[in-house]
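The values are calculated or read from the model by the stated rules, or taken from the named source; none is laboratory data. Because the structure is predicted, anything quoted here is derived from the model rather than measured. As a convention, Cβ positions derive from the backbone with ideal geometry for all residues, glycine included, and neighbour counts pool all protein chains shown.
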Amino acid sequence: MERRSITHSTFVIERSFPATPERVFAAFTDPVEKGRWFSEGDGFGIGEEVEMDFRVGGIEPTRFNLKDASPANGTGYHSLGRSRRAMFAYTMSVGNKRVSASLATVELVPTNQGTDLIFTEQAAFFEVADGAKMREVGWREVLDKLGRELARNEPYYGGDQEPCLGD
């Protein structure tokens, strides 16, 4: 049998935050705030300003700067439940090679202490992909940075603007 060119994986990451579901959800909707926790770090950052259309049917193209490569994500939002869930599909490319395609969900469950976040990703990794273990490690680091962002910032309420057009 020929070696598989696609590897499938599913992983779940759970985090608890001492913030309301509305506050955690808002951290996903503001491009400046999301830029701080989602994509900035040692030797890693966004190539251009974050472009975000956070609504069902909206897209979020992102190009990252790394010392060895310039990966890019193409994200599309498929389901948004006001301050309780987000479902998005995204592809990751390095150069002109597509390395993976994923479906991810973020569930926000209110608790007496704040919010439990449950992140689930179902992914297909192609021949030159980073792989499931590396992707899960990456998301764990990103969600840890989200926790630090929530702890350091004043609550973001988005002014008069609604945070999304959900279903």
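Descriptive notes on the structure:
- Test: residue in segment 50-65 that is at pLDDT 90 or above, among the aromatic types (Phe, Trp, Tyr), assigned to a strand (DSSP E or B) and surrounded by 15 or more Cβ atoms within 10 Å (Cβ to Cβ): no
- Yes/no for residue 131 being touching a residue at least 24 places away in the same chain (Cβ under 8 Å) and more than 25 Å from residue 17 (Cβ to Cβ): yes
- For segment 85-104, the set of residues classified as touching a residue at least 60 places away in the same chain (Cβ under 8 Å) and either touching an Asp or Glu at 6+ places or on another chain (Cβ under 6 Å) or surrounded by fewer than 17 Cβ atoms within 10 Å (Cβ to Cβ) (or both) is empty.
- Residue 107 vs. criteria acidic (Asp, Glu), part of a helix (DSSP H, G or I) and in contact with an Asp or Glu (Cβ under 9 Å, 6 or more places away or on another chain): no
- Considering residues of segment 106-141 that are hydrophobic (A, V, I, L, M, F, W, C) and at pLDDT below 90 only, the residue farthest from the chain's Cα centre (by Cα): 128
- The listed residue being modelled with pLDDT of 90 or more and touching a strand residue (DSSP E or B) at 6+ places or on another chain (Cβ under 7 Å), out of 19, 72: 19
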